[in-house]
Amino acid sequence: MDWLTETKIPIGKAAKTVFEWLQENGEGFFDALSILLENLIEAFLWILQTPNPLIMVAIFTAIAWGIQRSWKICVMVFLGLLLIINQGYWDETTESLTLVLSACVVCMGVGVPIGIAIGHRPKIYAYIAPILDLMQTLPTFVYLIPAIVFFGIGMVPGLIATVIFVLPAPIRLTYLGITSVPEDQLEAADSFGATKREKLLNVELPNAMPQIMTGLNQTIMLSLSMVVIAALVGADGLGVPVVRALNSVNTALGFESGFIIVIVAILLDRVLRIRTGEKR
């Protein structure tokens, strides 16, 4: 087998060359992107952390009622958030929610238009699908390396790594929604002389909305699953105490912070469940 390993295909060296070229020639772009994402993160942090925590609990409970119209879920949200405050993890929770909301804005803002575009061009999806597979199957820790190289340490590289991992979900589900529109409805729109824009807004998007909202739900849940990994590059949030507990082998801190992450995940899932077309 030595003959097979003597001439190694330079995959790693090629990737390193690409990253070095991007670092040298794309400094202005990455700086501008970093500033834009920092402003987005700071805006969400200000919204979530400026009011008194109890006021935010009331707001989140009202949002849960507006979405679900279920007093049981509202009670769950209310008590769950009070428990988070009681355990002293409110700031970390809002920081993690900031990462999740920022990832949602970027992923849905990029993923939905791409999904619509390739939904109208199925042949292009055949070329994009392997890239999406690579984005979701490549170990997420690998994304941290270029994120640190291009954006340094902090919330921004954590957000970038999260977006790369999560972006395929809204793209795939939007594509699924657009391609699943009944053919008879498209033919009816054509027979009435609808333009491509009118057909998209009045026929395709309404039919694809359940899949798009499922993409939003998946984006939120997958983003939340990245909080611990994002903490490894300096992102604030619930991942920080988890990493600290791991480094110090602190069982109490690890279980406590992990339990809070589970609570946040359950609350988000319950509140958004109606948007995915599931039964209450």
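Sort out which residues of the range 41-73 are among the aliphatic types (A, V, I, L, M) and farther than 25 Å from Gly88 by Cα, and write them in order of number.
Start the filter on the range 41-73 by keeping residues that are among the aliphatic types (A, V, I, L, M), which leaves 41, 43, 45, 47-48, 54-59, 62-64, 67, 73.
The one that is among the aliphatic types (A, V, I, L, M) and farther than 25 Å from Gly88 by Cα: Ile67.
Condition first: open to solvent by 90 Å² or more (accessible area, probe 1.4 Å), within 24 Å of the chain's Cα centre (by Cα) and among the polar types (S, T, N, Q). Now tell me which residues in the range 17-47 satisfy that.
The answer is none; no residue qualifies.
Look at the range 227-260 and say how many of its residues are farther than 23 Å from Leu83 by Cα and among the small types (Gly, Ala, Ser).
Residues in the range 227-260 being farther than 23 Å from Leu83 by Cα and among the small types (Gly, Ala, Ser): 4 in total.
Tell me which residues, restricted to the range 124-156, are over 21 Å from Leu22 (Cα atoms), among the β-branched types (Val, Ile, Thr) and crowded, with 17+ Cβ neighbours inside 10 Å.
Result: Ile128, single match.
Ile178 fails exactly one of the following numbered conditions: (1) open to solvent by less than 20 Å² (accessible area, probe 1.4 Å); (2) modelled with pLDDT under 90. What is the number of that condition?
Exception for Ile178: condition (2).
Return the residues of the range 60-90 that are open to solvent by 50 Å² or more (accessible area, probe 1.4 Å) and touching a Lys or Arg at 6+ places or on another chain (Cβ under 7 Å); say none if nothing qualifies.
Met76
Quick test of your reading of the structure: Ile261 fulfils all but one of (1) under 15 Å from Thr162 (Cβ atoms); (2) among the aliphatic types (A, V, I, L, M); (3) in contact with a helix residue (DSSP H, G or I) (Cβ under 6 Å, 6 or more places away or on another chain). Name the failing condition by number.
(3)
Out of all the residues in the range 251-269, which are among the hydroxyl-bearing types (Ser, Thr, Tyr) and more than 12 Å from Leu238 (Cα to Cα)? Show your work before the answer.
Step one: list which residues in the range 251-269 are among the hydroxyl-bearing types (Ser, Thr, Tyr), which gives 251, 257.
Thr251, the sole residue that qualifies.
Taking the range 242-258 on its own, how many of its residues are surrounded by fewer than 15 Cβ atoms within 10 Å (Cβ to Cβ) and in contact (Cβ under 8 Å) with a residue 24 or more places away in the chain?
0
I'd like the residue in the range 127-160 that is in contact (Cβ under 8 Å) with a residue 24 or more places away in the chain and of a type in the set (Phe, Trp, Tyr) and, out of all such residues, is nearest to Val228 (Cα to Cα).
It comes out as Phe141.
Out of the residues in the range 70-96 meeting the condition of being assigned to a helix (DSSP H, G or I) and within 20 Å of Ile41 (Cβ to Cβ), tell me which one is nearest to the chain's Cα centre (by Cα). Walk me through it before giving the result.
Looking only at the range 70-96, we keep the residues that are assigned to a helix (DSSP H, G or I), and these are 71-86, 90-96.
From what's left, within 20 Å of Ile41 (Cβ to Cβ): 90-96.
Details: Trp90: 21, Asp91: 20, Glu92: 18, Thr93: 16, Thr94: 15, Glu95: 14, Ser96: 11 Å.
Step by step, filter the range 70-96, then rank; the result is Ser96.
Search the range 164-175 for residues being among the aliphatic types (A, V, I, L, M) and at pLDDT 90 or above, and hand back the single one that is surrounded by the fewest Cβ atoms within 10 Å (Cβ to Cβ).
First, pick out the residues of the range 164-175 that are among the aliphatic types (A, V, I, L, M): 164, 166-167, 169, 171, 173.
Now drop any that are not at pLDDT 90 or above, which leaves 166-167, 169, 171, 173.
Values: Val166: 28, Leu167: 22, Ala169: 26, Ile171: 27, Leu173: 24.
The selected residue is Leu167.
For residues that are of a type in the set (A, V, I, L, M, F, W, C) and modelled with pLDDT of 85 or more, tally how many sit in the range 220-229. Even if it seems obvious, please write down each step before you answer.
Let us first name the residues in the range 220-229 that are of a type in the set (A, V, I, L, M, F, W, C), namely 220-222, 224, 226-229.
Filter once more, keeping what is modelled with pLDDT of 85 or more: 220-222, 224.
Of the residues in the range 220-229, 4 are of a type in the set (A, V, I, L, M, F, W, C) and modelled with pLDDT of 85 or more.
It is to be established whether one or more residues within the range 188-202 are under 24 Å from Met108 (Cβ atoms), aliphatic (A, V, I, L, M), surrounded by fewer than 22 Cβ atoms within 10 Å (Cβ to Cβ) and touching a residue at least 24 places away in the same chain (Cβ under 8 Å).
For the range 188-202, residues under 24 Å from Met108 (Cβ atoms), aliphatic (A, V, I, L, M), surrounded by fewer than 22 Cβ atoms within 10 Å (Cβ to Cβ) and touching a residue at least 24 places away in the same chain (Cβ under 8 Å): present.
The values are calculated or read from the model by the stated rules, or taken from the named source; none is laboratory data. Small disclaimer: the values here were computed from a predicted structure and weren't measured. In this analysis, Cβ positions are derived from the backbone assuming ideal geometry, glycine residues included, and neighbour counts consider all displayed protein chains. The area values use the complete protein model at the heavy-atom level, side chains included, leaving out ligands, DNA and RNA. Shrake-Rupley method; radii C 1.70, N 1.55, O 1.52, S 1.80 Å.
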